[in-house]
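Enquirer: Here it is, the structure in full.
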Amino acid sequence: MQLNFGVGTAICKRTDIVNAKPSLLGVLQDCEIDFDVTLKELMGQYKMPVDVAPANMKITGKAKFARIQADTLNQLFLGQTETASAGTQMQVAETHTVASTTQVVTNGATFVEDLGVFYASTGVQLQPVTSSPSVGQYIPGAAGVGSYTFNAADEVALLFYYSYTVSNMISVAGTNQLMGAGPIFSLNLQQTYAVQGVNKNIFMKLNACRASKLTMPFKNTDYTIQDFEFTAFADVSNNWGTLVFSE
């Protein structure tokens, strides 16, 4: 007989473009495949139907996994332009004691955007202005420079929040696409479990799928476990997949 325990391994591969990198749903928590057939009933004058026939069939799936990868998000859900060795990140609570009313932040050469300045001693936020800052005000740094300007009375310890570009990350550009655009991918799922010393395998392949949801729930005291939902359909050969069991 065949039993199963555990979640196994799930790998998706985009099929609507060539040479797409397969996407491993790493640190997989659970994966659920639902087969749903709509039954149509032919009714006469009696309470029970004369016949019941299967109509449309729907295969949907859900997976939860912890491995965060830009390529997985892009290849399975967004289908956007991906750029290696580029990106933007945020500097949080960088402390500087202002001198001579100006302060260049550490990553000033690749500075992108001011995200707020606070007094280090009180946590009170300063107000950005375009010119002539008074007490409690400042002129934000310019892109590629990152030099802030303050009133002389604010030459104290301040906390700087800002974004800047880096060259060691992966960037996915989010452009507004036409409806109907989106990746198509196959899903390969395998699980092995030893039953009384004999390995029993389950393998499933869904030939063509589209994703309907990918959630990244950031939590204060827990891991980010991504929720991924998708629907399968027939490929160009009118086949929807393969199921293989050891039994």
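Enquirer: Looking at (1) surrounded by 11 or more Cβ atoms within 10 Å (Cβ to Cβ); (2) not in a loop (DSSP other than H, G, I, E, B), which one does residue 183 not meet, given that it meets all the others?
Expert: Among (1) surrounded by 11 or more Cβ atoms within 10 Å (Cβ to Cβ); (2) not in a loop (DSSP other than H, G, I, E, B), residue 183 violates only (2).
Enquirer: Among the residues of region 128-141, is there at least one that is outside any strand (DSSP E or B), under 35 Å from the mean Cα position of the chain (by Cα) and free of Cβ contacts under 8 Å to residues at least 60 places away in the same chain?
Expert: Yes: one or more hits.
Enquirer: For the condition of a type outside the set (Phe, Trp, Tyr), under 15 Å from residue 77 (Cβ atoms) and modelled with pLDDT of 95 or more, what is the one hit in 187, 159?
Expert: Going through 187, 159 in turn, the sole match is 187.
The values are calculated or read from the model by the stated rules, or taken from the named source; none is laboratory data. This structure is a prediction, so every number in the text was calculated from the model and none was measured. Neighbour counts run over all protein chains shown; Cβ positions are idealised from the backbone, glycine included.
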